[in-house]
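Remarks on the structure that follows.
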């Protein structure tokens, strides 16, 4: 974006010196501004998606920390956080439940 902003500035400065037609100057200027706006929109979309992922990670981290502090499995099932966080559960023969979390963490609880 900085590069395009610099190109626009240079174009404006050169436009004052050149004998280009007004139509040619305006066409090139509009092209540069449109490119700038396109990349600006992509940048803002990237920031928004990044912030969304950061918020999801914070929420998931809180859930995992709360879950790790439990001494037993909760009796009430809440489908929403489960589907957002758990990728699979393995019940072992030796009495454990292993929760595989979508962020790569594993939690092992005694059943």
- Nearest 10 degrees, 0 to 90: what angle lies between the long axis of helix 2-17 and the longest principal axis of the chain (Cα atoms)? 10 degrees
- Task: Specify whether the C-alpha gyration tensor of the range 72-111 places it in the rounded, prolate or oblate class, a ≥ b ≥ c being the square roots of the eigenvalues: rounded for a/c under 1.5, otherwise prolate if a/b is larger than b/c and oblate if not.
- Result: oblate
- Diffusion constant of the chain at 37 °C, which comes from Stokes-Einstein with the Kirkwood Cα-pair radius and 0.692 mPa s, µm²/s: 175 µm²/s
- Taking R0 as 41 Å, what's the FRET efficiency between residue 7 and residue 80 from their Cβ-Cβ distance, rounded to 0.05? 0.30
- Taking the chain as the reference, fit the longest principal axis to its C-alpha atoms, fit the long axis of helix 22-68 to the helix C-alpha atoms, and give the angle between the two in degrees, 0 to 90, nearest 10. 10 degrees
- How many nm is it between the label spots at residue 98 and residue 29, if each spot is 7 Å from the Cα in line with the beta carbon? 6.6 nm
- Task: Mind telling me which of 90, 58, 101 comes out most flexible in a GNM of the chain, alpha-carbon contacts under 10 Å?
- Result: 90
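FYI, it's all coordinate maths here, none of it is from the lab. Bear in mind that the values here come from a model prediction, so they are computed numbers and not experimental data. All Cβ positions, even for glycine, are placed from backbone atoms using ideal geometry, and neighbour counts span all protein chains on display.
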